Amino acid sequence: MTLHIYDTLRAQKRPFEPINEGHVRMYVCGALPKGDCHVDDLRSCLVWDMVYRYLRYSGYEVTYVRHIGDIDRDIPREAADQNHPQRRETGEHMQGDPLRMNIFGLHAPTVEPKATNAIPDIISLIGQLEEQGYAYCLDGDVYFDVERFEAYGKLSMVDFSTIKSIAHPQDGGPKKSPLDFILWHSEKAGEMSWESPWGRGQPSRDIECTAVSMATLGRSYDLHCGSQSLMFPHHENHNGQSACATGTHVVSYWMHNGITHGEGEGENASQAKSNLSHIHHILTAYEPQVLRFFLMTTAHYRRTMDMRAEALDEAAARVAYFYETLRKAKALARSAPEFHFDALPNAELIDSCEDQFSAAMDDDFNISKVLVLLSEIFKVLNELASTRKPMKIPGAAVSARTLLASIEKIDEVLNLFTAEPEPYLVRHRMQAAQRLGLSTDWIEKRISERIAARTARDYASADLIHHELKTARVVLMDHAGGTDWTILETEPAEEAHLP
């Protein structure tokens, strides 16, 4: 199957045909530098990371550009000096941004240009639009003449009458039309500014994005990606600016991920669950892999999502199940002979799983189908790991080893299973206890007291402790070497499907 991508501008899935065969040029609107990242920013980054990885998995060379919007409208003009402490502070915020710390396994872009380094390109593009009659200057401010671009509103499917109805009264002023948007702001006290043909000032975010993308990828490129929250007016303005400057559509495919809402749990929620909007709060209670799994797989990338603590718990349980399965399957695979000439169990799945993965991803990155496939693979791995008959173990071990190799290949795209299983499961167990308000020291102490009671043949006391732990949702697993424990979590919710 050929890769099909939903193109927002044309409102349909289209076969993907890059401008240059074998080479994809991809632009992503980057989040503003900040230390407190919102879940919507993270989901967008994860979605486009997955798309980038899959394009490479499919054999494309990819030039991936994600720009840094570092023109901070709140930093005084003097801070433009690289040695100014406020300027350094912005850089420190960028370094502290969770999206740039690689804790979520984001692949580094090919190029990550800063807006402050693109001022000459921005000024040149505005000057070109002005010369062509699409922009005009009023008192040092430069505006785009929206009514000169007939297709304005097509990307976001907003018509002129609607836009006019939502225009703010202050959007009128000296402009030709309240629809006209600004390209260059005249200098104001307390803002960074640069010299330009229209006087000192700074560019708008809209023209910044357009100029940076065209400067790095050329006057036509394949993919422009971002959140639906940017569709209007930001991407609508970008589409108009670039089309007027070049006389054609600069972007072949517009891609938008659904908006993600972070919601709290109310007054009775634990502190770890009370703020599901910002990443640093969520990471106090969940592993980064859980958040990556939840944001990438709970819904198709074009769907709107809501953050719920129960859903995150379900995701944590599912990821822990994956890692527990990997732990057992890897132990089995280590016993596999180098060669096995008998028919392998589950040969059909082994032979087809990577093709099934590609078929699902080729359907506009249909993650729901991918999850169905993963569920089947991990179910089979569990069955193989449960093999007990000595004559069947070699074949089961080879099958497990082969399936694990396929998972490793698929995970080049998903990037979910990069941790070592045993340390991951220990961390998961401790965080699951924390989310229930349980002390791991208390759990270990009660388990030790239960072992002591059983050793003393005080089975009544041992049963009471077992019941107490069970009521607290602590599950005990007795074995010859002692007692292990885990936390009982809700079953994973069914994935959403996109029609």
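The values are calculated or read from the model by the stated rules, or taken from the named source; none is laboratory data. Keep in mind it's a predicted model, so treat the numbers as computed, not measured. No Cβ is skipped: glycine too gets one built from the backbone with ideal geometry, and neighbour counts run over all protein chains shown. For the accessible areas, the whole protein counts, side chains as well, though only heavy atoms, and no ligand, DNA or RNA atoms are used. Shrake-Rupley method; radii C 1.70, N 1.55, O 1.52, S 1.80 Å.
Per the 1.4 Å probe, what fraction of the accessible area of segment 291-437, in percent, lies on carbon and sulfur atoms? It would help to have the intermediate numbers written out before the result.
Working: 3380 of 6480 Å².
About 52 percent, which is the carbon plus sulfur part of the accessible surface.
How high is the FRET efficiency between ARG302 and THR246 when r is their beta carbon distance and R₀ equals 22 Å, given to the nearest 0.05? E(calc), rounded to 0.05, equals 0.20.
Distant-in-sequence amide contacts of SER227, defined by a placed amide H-H separation under 5 Å and a gap of 5 or more residues or a different chain, comprise ASN257.
Return the Rg/Rh ratio of segment 397-451 with Cα-based radii and a Kirkwood Rh. Provide the component values of the computation, followed by the final result.
Details: Rg = 17.0 Å, Rh = 14.0 Å.
A ratio of 1.21.
Taking amide hydrogens as placed 1.01 Å from N in the peptide plane, the amide H of PHE181 sits under 5 Å from those of PHE144, VAL146, each at least 5 positions away in sequence or on another chain.
So if each residue of separation counts as 0.36 nm, and I subtract the Cα-Cα distance between GLU348 and GLU468, what length gain in nm does that give?
Details: separation 120, 0.36 × 120 = 43.20 nm, distance 4.60 nm.
Residue separation times 0.36 nm, minus the Cα-Cα distance, leaves 38.6 nm.
Karplus-derived 3J(HN,Hα) values for segment 123-140, using 6.51 cos²θ - 1.76 cosθ + 1.60 with θ = phi - 60°, are 4, 4, 5, 4, x, 5, 5, 5, 4, 7, x, 9, 9, 8, 10, 9, 6, x Hz; glycine and proline are entered as x.
Tell me the per residue accessible area of segment 378-497 using a 1.4 Å probe; a whole number in Å² is fine.
On the way: 6930 Å² over 120 residues.
Averaged over the residues of segment 378-497, the accessible area is 58 Å².
Across the cross-link table entries LYS445/LYS470; LYS330/LYS470; LYS369/LYS389; LYS13/LYS114; LYS114/LYS154, which are compared at the Cα atoms, the separations over 26 Å belong to LYS330/LYS470; LYS369/LYS389; LYS13/LYS114; LYS114/LYS154. Here TRP442 sits with roughly 80 square angstrom of accessible surface, probe radius 1.4 Å. Summarising the label geometry, the points placed 7 Å from Cα in the beta-carbon direction at GLU449 and ALA405 lie 5.2 nm from one another. Placing a pseudo-label 7 Å from each Cα along the Cα-to-Cβ vector at GLU61 and VAL426 gives an inter-label distance of 4.5 nm. The amide H of ARG14, built 1.01 Å from its N in the peptide plane, has ILE5, TYR6, ASP7 as neighbours under 5 Å, considering only residues 5 or more places off or on other chains.
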